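Report on one structure; see the data block that follows.
The values are calculated or read from the model by the stated rules, or taken from the named source; none is laboratory data. For clarity, every value in this text was computed on a predicted model and none was experimentally measured. Neighbour counts are summed over all protein chains in view; Cβ atoms, including those assigned to glycine, are modelled from backbone coordinates with ideal geometry. In case anyone asks, the SASA skips ligands and DNA or RNA and just uses the protein heavy atoms, side chains included. Shrake-Rupley method; radii C 1.70, N 1.55, O 1.52, S 1.80 Å.
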Amino acid sequence: MVRHACTVALTIGCAAGIAEEPESEQLLFATPPGWHKAYADRIDNLSTTEYVPDGETVDDWQEMLTIQVLVDKPKADPDAILSAAVKHLYSECETYAAQPIELGGAGDYPTLGVMSMCGSSKEDSDGRFILLRGIAGDENFYLLQKAWRTEPFNPDDEEPPVDLDQRKFWLGFLAFLRVCDPGAGNCPKAPSE
């Protein structure tokens, strides 16, 4: 999934460098308890960070959380970017289905969600169930992905292979993530000492 997600983002336009000043636009994110950073890389203006549960690795995982930032991709169209991601994921699967999902707003920033169901990956024949959320910031585009590696399944005829409670929890997690810009005054204030 890591390499596929990078390819998806690269096909939709990467070109410049990342600004990491504390006064620039940022994603409000905290590593979930029991998870750790397993991979981080930057290619041109694509920053990718992957997290897995403790005891799993980037090469041997059952669950993965991926945060990608397309830097200097201002006010991008979430529909166009997630459509490109779905098209790429479809090409990596023997059987595939996708549908839009409602994740709630992201403040002043356009957002879109997609549920991606790969019944059998061409890479390893395992299934993949992925929740994707795109947020179009004023400076960058943020692609958030929660993935499960599953047994092969038929995405057209079966219930998703991830139980409803897990889907609800992670949909809530993705919906909670926000983009803010200190210059716009929409970031939380640090507690005073």
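Numbers for the structure displayed
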| quantity | calculated |
| --- | --- |
| Selection status of Pro155, farther than 17 Å from Ala85 by Cα, buried (at least 20 other Cβ atoms within 10 Å of the Cβ), modelled with pLDDT of 90 or more and out of contact with any Leu (no Cβ under 9 Å at 6 or more places or on another chain) | yes |
| Criterion: under 14 Å from the mean Cα position of the chain (by Cα), hydroxyl-bearing (Ser, Thr, Tyr) and closer than 28 Å to Thr57 by Cα - qualifying residue of Ser121, Ser91, Ser116 | Ser116 |
| Flag if Tyr142 is of a type outside the set (D, E, K, R), at pLDDT below 95 and either in a strand (DSSP E or B) or at negative phi (or both) | no |
| Count of region 66-108 residues which are in a strand (DSSP E or B), open to solvent by less than 60 Å² (accessible area, probe 1.4 Å) and either touching a Cys at 6+ places or on another chain (Cβ under 7 Å) or within 13 Å of Leu132 (Cβ to Cβ) (or both) | 8 |
| Count of region 23-63 residues which are at pLDDT 95 or above, hydroxyl-bearing (Ser, Thr, Tyr), surrounded by 14 or more Cβ atoms within 10 Å (Cβ to Cβ) and out of contact with any Cys (no Cβ under 8 Å at 6 or more places or on another chain) | 4 |
| Residue among Phe129, Phe141, Phe176, Phe153 that is of a type in the set (Phe, Trp, Tyr) and over 14 Å from the mean Cα position of the chain (by Cα) | Phe153 |
| Residue within region 131-139 that is more than 18 Å from Lys73 (Cβ to Cβ) and either part of a strand (DSSP E or B) or not aliphatic (A, V, I, L, M) (or both) present | yes |
| Criterion violated by Ala190 - all others in (1) hydrophobic (A, V, I, L, M, F, W, C); (2) in a loop (DSSP other than H, G, I, E, B); (3) open to solvent by less than 70 Å² (accessible area, probe 1.4 Å) satisfied | (3) |
| Options Glu23, Glu56; residue that is part of a loop (DSSP other than H, G, I, E, B) and in contact (Cβ under 8 Å) with a residue 24 or more places away in the chain | Glu23 |
